[in-house]
Structure formats: structure tokens, C-alpha cells
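Colleague: After the C-alpha cells below, expect a handful of questions from me.
The values are calculated or read from the model by the stated rules, or taken from the named source; none is laboratory data. Since the structure is predicted, the reported quantities are computational estimates derived from the model, not experimental observations. Here the Cβ positions follow ideal geometry from the backbone for every residue, glycine too, while neighbour counts run over all protein chains shown.
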Amino acid sequence: MDSPKALYLGDFTKGSAVSAELINQVQRDLGFNLPDDYISILKEFNGSEGEVGDNSWLRLFPLEELQEINESYILLMEQIPDYFLFGMDAADTGYAFHKVKMTFHSFGLISNFKTDYIDFCGNSFSEFLENLYYSRSR
């Protein structure tokens, strides 16, 4: 893991190992590819959670549960079909990536997207982590 990710995920618990076979199977089942830098983190932190900076919390959903979790939020996710949940904070903020642009975003898990908005958090998973690390400590 490179030093910025070590900084951002230094307080994370290590997750279960993820094989390339499982990654490929999940991507086939989903019908789209997951972002490459997100996959590289999952190899070490699958299903992990912890602090990111002094004031942010991140729970990464286990790879093998991603489809089921997204289906459990179907009323929310059908409003924004180009987004895919991969994690959440300790309260009610969901973290998702855009399936086409591969950008990272946050939004309330009880949102109505006719009136609520989706926050941009980065063009890569590293930028997303940096955003979490610094955004609430300013």
C-alpha cells in the first residue's frame, strides 16, 4: 500500500483476503467493472471499517455482499441507477461510485433525489479517501 493510503487507512481494521477469482466473478455477476484503485484496496481491506482522519468513518462493504446491499437499498438506488454503493459512514451517508465515469460520491441514504443532491468526492478512490480525510477536519 502506498503512503497516502497508509495515511488515510492507518486506523482501519484489516479485512478478509479477496481473490482475483472472486473479483472477476462479482464483476461478471454485476455486469460492470469496479474501479481499479478500489479493487486494489479491497485486496487488503475487504469488509473493513475505521476512521479516516480525525472526524470521518468509513465502512467498506464486503465484496461478496455488494450486490445484496445495493438491492436492499433498491428504493434509493433506482432513483440513481448509474451509481453503485460500496460503503457508508457511521450514520446515514452512503458512498458510491458512478458506474460509467468511475467517479466517487456521497449522499444521504434516506435521500429523495428530486430535492437532495449527490456530492462529488473524487475522480479516484485515492481522491475519495483524501476528501474524507481532510473534509471534516477543516
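Colleague: List pairs: first residue in the range 1-15 and of a type in the set (A, V, I, L, M) and outside any loop (DSSP other than H, G, I, E, B), second residue surrounded by 14 or more Cβ atoms within 10 Å (Cβ to Cβ) and modelled with pLDDT of 85 or more anywhere in the structure, Cβ distance under 8 angstrom, at least six positions apart or on different chains.
Modeller: So the pair list comes out as 7/133.
Colleague: Could I ask something else about it? Applying the selection to the range 61-89, what residues are in contact with a helix residue (DSSP H, G or I) (Cβ under 9 Å, 6 or more places away or on another chain), closer than 24 Å to residue 44 by Cβ and of a type in the set (Asp, Glu)?
Modeller: Residues satisfying the conditions are 64, 89.
Colleague: In the range 117-130, what residues are out of contact with any Leu (no Cβ under 8 Å at 6 or more places or on another chain), more than 8 Å from residue 104 (Cβ to Cβ) and crowded, with 16+ Cβ neighbours inside 10 Å?
Modeller: Across the range 117-130, the qualifying residues are 118, 126, 130.
Colleague: Would you mind telling me which numbered condition in (1) closer than 22 Å to residue 23 by Cβ; (2) modelled with pLDDT of 95 or more; (3) β-branched (Val, Ile, Thr); (4) touching a Leu at 6+ places or on another chain (Cβ under 8 Å) residue 100 fails?
Modeller: (4)
Colleague: Only one of 129, 63, 76, 85 is within 17 Å of residue 39 (Cα to Cα) and out of contact with any strand residue (DSSP E or B) (no Cβ under 6 Å at 6 or more places or on another chain). Can you tell me which?
Modeller: Result: 129 is the single residue among 129, 63, 76, 85 that is within 17 Å of residue 39 (Cα to Cα) and out of contact with any strand residue (DSSP E or B) (no Cβ under 6 Å at 6 or more places or on another chain).
Colleague: Considering the range 88-116 alone, what residues qualify as being among the aromatic types (Phe, Trp, Tyr) and either under 21 Å from residue 8 (Cα atoms) or in contact with a strand residue (DSSP E or B) (Cβ under 7 Å, 6 or more places away or on another chain) (or both)?
Modeller: Correct list: 95, 97, 104, 107.
Colleague: Name every residue in the range 103-138 that is at pLDDT 95 or above and among the hydroxyl-bearing types (Ser, Thr, Tyr), in order of residue number.
Modeller: 103, 106, 124
Residue-wise test of (1) touching a helix residue (DSSP H, G or I) at 6+ places or on another chain (Cβ under 9 Å); (2) among the acidic types (Asp, Glu); (3) at pLDDT below 95; (4) closer than 18 Å to residue 122 by Cα.
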position: 9; (1), (2), (3), (4): yes, no, yes, yes
position: 13; (1), (2), (3), (4): yes, no, yes, no
position: 17; (1), (2), (3), (4): yes, no, yes, no
position: 21; (1), (2), (3), (4): no, yes, no, no
position: 24; (1), (2), (3), (4): no, no, no, no
position: 28; (1), (2), (3), (4): no, no, no, no
position: 31; (1), (2), (3), (4): no, no, no, no
position: 50; (1), (2), (3), (4): no, no, yes, no
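Colleague: Hey, among the residues in the range 35-94 that are of a type in the set (Gly, Ala, Ser) and surrounded by fewer than 16 Cβ atoms within 10 Å (Cβ to Cβ), which one's farthest from residue 114 (Cα to Cα)?
Modeller: 40
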